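One structure is given below, encoded as structure tokens.
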Amino acid sequence: MEANVPESFELNRTYDIEVTYLRPNSCTFFEGYDVTKTAQTERNIALIGTVLTDETACTEAVEEVEAIFRFNVIFTGEYTFRFYAGNDENDEAVYLEYTIPVETESTDQN
């Protein structure tokens, strides 16, 4: 999994962040995101999927897929996103972490 995040955000703008993940088979489909606010400007993000369980034959081919995570910047400082990437060998959650600063307009009036 990876996310294509900008180098910085601008306050009060909405961004479409491209998230690339591996789809394990042809019966698994992207449904959305589970976003947990862990602090004012920190978010844990997990992809939500559904799996068809009927008699449909699924191909087992792993496929790289893109999905859009839409985000509105309403705070200054910097945002930290932690995208859930699965569990490690100890069954602990693994996150890909991105920190993006928020640029604010200059108030200098020379």
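The values are calculated or read from the model by the stated rules, or taken from the named source; none is laboratory data. Please read these numbers as outputs of a predicted model, since none were measured by experiment. Positions of Cβ are generated from backbone atoms using ideal geometry, with glycine treated the same way; all protein chains shown enter the neighbour counts. Calculation scope for accessible area: heavy atoms of the full protein, side chains included, ligands and nucleic acids excluded. Shrake-Rupley method; radii C 1.70, N 1.55, O 1.52, S 1.80 Å.
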- Task: Could you check, for the range 53-71, whether at least one of its residues is at positive phi, touching a residue at least 12 places away in the same chain (Cβ under 8 Å) and not acidic (D, E)?
- Result: no
- Taking the range 39-52 and the residues there that are among the polar types (S, T, N, Q) and either open to solvent by less than 70 Å² (accessible area, probe 1.4 Å) or touching a residue at least 60 places away in the same chain (Cβ under 8 Å) (or both), the one that is farthest from R82 (Cα to Cα) would be T50
- Tally time: how many residues in the range 66-84 are open to solvent by less than 50 Å² (accessible area, probe 1.4 Å), within 13 Å of the chain's Cα centre (by Cα) and among the aliphatic types (A, V, I, L, M)? 1
- When only residues in the range 39-57 that are more than 15 Å from the chain's Cα centre (by Cα) and assigned to a strand (DSSP E or B) count, which is modelled with the highest pLDDT? A39
- Task: Assess whether E18 counts as being at pLDDT below 95 and acidic (D, E).
- Result: no
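Residue-by-condition table, conditions (1) modelled with pLDDT of 95 or more; (2) part of a loop (DSSP other than H, G, I, E, B); (3) under 15 Å from A3 (Cβ atoms):
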residue: K37; (1), (2), (3): yes, no, no
residue: T59; (1), (2), (3): no, yes, no
residue: T80; (1), (2), (3): yes, no, yes
residue: A85; (1), (2), (3): no, no, yes
residue: N90; (1), (2), (3): yes, yes, no
residue: T107; (1), (2), (3): no, yes, no
- Criterion violated by N25 - all others in (1) open to solvent by less than 80 Å² (accessible area, probe 1.4 Å); (2) in a strand (DSSP E or B); (3) at pLDDT below 95; (4) not small (G, A, S) satisfied: (2)
